[in-house]
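Read through the structure below, which is laid out as structure tokens, and then see the notes.
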Amino acid sequence: MEKTKVGKVSHYYSKIGVAIIEVEAPIKVGDEISIEGANTNFTQKIESMQIDRVAIKEAKKGNSIGMKVSEEVRANDVVYKVKKK
């Protein structure tokens, strides 16, 4: 499995299961990601992303996006794009 760092979690809204991610490399809906940290380690497919409550298909470096996550994440968890070999 090949991993590329694409961002970092800056905030997590537990009631709605949404992570705010500071994007460092392009990602898009449908990409497989892995979120890893001291207490976090899971993979999921990106189902949807938003900027200021507006749905987007692709996020670029410098964007701050909201993304629904399947498990709890924490600030400073690292987001990787996963490519299966």
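The values are calculated or read from the model by the stated rules, or taken from the named source; none is laboratory data. As the structure is a computational prediction, the values presented were derived from the model and not from experiment. For neighbour counting, all protein chains shown are included, and Cβ atoms are generated from backbone atoms with ideal geometry for every residue, glycine included.
Quick look at the numbers
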item: Failed item, numbered, when residue 5 is tested on (1) at pLDDT 95 or above; (2) of a type in the set (D, E, K, R); (3) loosely packed, with under 14 Cβ neighbours inside 10 Å; (4) part of a loop (DSSP other than H, G, I, E, B); result: (4)
item: The range 41-54 residues that are under 21 Å from residue 75 (Cβ atoms), paired with ones that are loosely packed, with under 11 Cβ neighbours inside 10 Å (beta carbon under 7 Å, 6 or more apart); result: 46/30
item: Number of the exception - residue 31 against (1) over 15 Å from residue 2 (Cα atoms); (2) of a type in the set (D, E, K, R); (3) modelled with pLDDT of 95 or more; result: (1)
